[in-house]
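Following: one structure in structure tokens, then a few remarks.
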Amino acid sequence: MNIPHQFDAIRPFEPEELPKVFNRILDSEQFRLVLTHLYPHIPIDIIAKQILSCKTNLEFQQKMAYPFLDNLLRKAAKSCDIDIRSIDNKYRYTFVSNHRDIVLDSAFLCKLLMDNGFQTTCEIAIGDNLLSLPWVKDLVRINKSFIVERSLSMREKLLSSKRLAEYMHFVIQEKHDNVWIAQREGRAKDSDDRTSESVLKMMSMGGEGSVVERLTQLHIVPVSISYEYDPCDYLKAAEFQLKRDNPDWKKGEHDDVMSMQTGIMGYKGNIHYHCATCIDDYLQTLDTDTPKTEIFGMIAQHIDREIHRHYRLFPNNYVALDMLNENENLASNYSNEDKKTFETYTEKQLSRIDIPNKDYLYLRKCMLTMYANPLRNYWAACK
């Protein structure tokens, strides 16, 4: 495919570029160490031969990423499913989801699309703040990721956002592939999932016509991701206290690596994805005279409602809200065993937090809030 050169710095690698990139990452000692950790019983030469045999990015996902995710789910989850009844696997969409895990949100979606008859997966938006190692940057671009540039000046950010939007439109309209992007930059640490208007404004910088026409061209599908257990919950709680105690505190490179490792390997229980109806028809109901200052907020609220009302709720969510409120008003939604299991889990996760001046009550409240907020938002969306 003839891809405009303006996208070269951010797009996934094309098939003809893969052999050179494969050889480059296989020359990385760090990458080879990762492979021996992921596949301890398989000789590195066998893994390298499998990688080098991949002719396309999708084939790499099918041969390398899919088996890894399938094996991971058997070890770290009870189930993982998706409801795609509202969409058609013959069409192409921009999936906008809430953001639970740095790596796995998009990875599981790609696997689930393959499991449900899609002939392709997604091109994945990923922030360059996670790509400090050259081999990691190569690997994600092999795995159909395109790069969202961070830490730019205002002028640079404007130009970068326009290029990013134009690339997303190019993927949908010309490459006939899907796109995945989180509803906001970074994860909602308290699970109060809200779509950032700035994400929608960025997407409307590509395409042709009005804001509504440009967003319609992307065929946006809100996606709800529900985890029974979030392996990173204790890390997120610790971040809340560190920021509370020092407003200038910022995550270091090690923190992101720790979150990625914990999120990938930690136990998740049941995982559910739900694709809501594509918002194209909703967009057509908007008054064409609606000011730009209002329209993005309206669309963001619609996406939020669709995400919130399609959460899958677990006993944990009801137990957490009752624990926060110090009552048992929701006890009909869980058993005594459910409550005991979640209380034991919470104590275990809190015990893993090792920070200065550890504030147990505050950390406990933060963790319970993470599990209670999906229920609160579900109720609000269903009213």
### Query
Do the sum for the chain: with -39,500 (n - 2.57) for every DSSP H run of n ≥ 4, divided by all residues, what is the mean residue ellipticity at 222 nm, to the nearest 500 deg cm²/dmol?
-15500 deg cm²/dmol
### Query
Given a 1.4 Å probe and every protein chain left where it sits, what share in percent of the accessible area of the chain is carbon and sulfur?
51
### Task
Mind checking which of LEU368, LEU152, TRP135 is farthest towards the positive end of the chain's charge dipole, using Cβ charges of +1 (Lys, Arg) and -1 (Asp, Glu) about the Cα centre?
TRP135
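Can you work out the accessible area per residue across the chain, with the rest of the protein chains kept in place, probe 1.4 Å, in square angstrom? Don't skip to the answer; put the middle values down first.
On the way: 18620 Å² over 383 residues.
Using a 1.4 Å probe on heavy atoms only, each residue of the chain averages 49 Å².
Over the chain, what is the relative contact order in whole percent, taking alpha-carbon pairs under 8 Å and six or more residues apart?
Working: 540 pairs, mean separation 77.4, N = 383.
Dividing the mean separation by the residue count of the chain yields 20 percent.
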### Summary
Of 163-172, 292-301, ordering from highest average Cβ density within 10 Å down gives 163-172, 292-301
### Query
Quick one: Kirkwood hydrodynamic radius for the stretch 296-383, alpha-carbon pairs, angstrom, one decimal?
14.3
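So what's the convex hull volume per residue for the Cα atoms of the stretch 214-299, in Å³?
Values: hull volume 14.1 nm³, N = 86.
About 164 Å³ per residue, rounded to a whole number.
How would the stretch 1-156 be classified by its alpha-carbon gyration tensor: rounded, prolate or oblate, with rounded meaning a/c under 1.5 and the a/b versus b/c comparison settling the rest?
Values: a/c = 1.41, a/b = 1.02, b/c = 1.38.
It comes out rounded by the Cα gyration axes.
Does the stretch 137-221 come out rounded, prolate or oblate, given a ≥ b ≥ c as the square roots of the eigenvalues of its C-alpha gyration tensor, rounded meaning a/c under 1.5 and, failing that, prolate meaning a/b above b/c? Spell out each step's value before the answer.
Values: a/c = 1.24, a/b = 1.12, b/c = 1.11.
The shape class here is rounded.
For the chain, take N as its residue count and report Rg(C-alpha) divided by 2.2 N^0.38 Å.
Values: Rg = 21.2 Å, N = 383, 2.2 N^0.38 = 21.1 Å.
Rg over 2.2 N^0.38 Å, computed on Cα atoms: 1.01.
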### Task
Any aspartates and glutamates with Cα under 18 Å of the LYS157 Cα? List them, leaving off those in the same chain fewer than 8 positions away.
ASP8, ASP128, GLU149, GLU166, GLU185, GLU197
### Task
With viscosity set to 0.692 mPa s and temperature to 37 °C, compute the Stokes-Einstein D of the stretch 82-241, Rh being the Kirkwood radius across alpha carbon pairs; µm²/s, no decimals.
198
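The values are calculated or read from the model by the stated rules, or taken from the named source; none is laboratory data. All values derive from a computational prediction rather than experimental measurement. Ideal geometry is used to build each Cβ from the backbone, glycine not excepted, and the neighbour counts take in all protein chains shown. When the accessible area is computed, the model is the full protein with side chains, heavy atoms only, and any ligands, DNA or RNA have been set aside. Shrake-Rupley method; radii C 1.70, N 1.55, O 1.52, S 1.80 Å.
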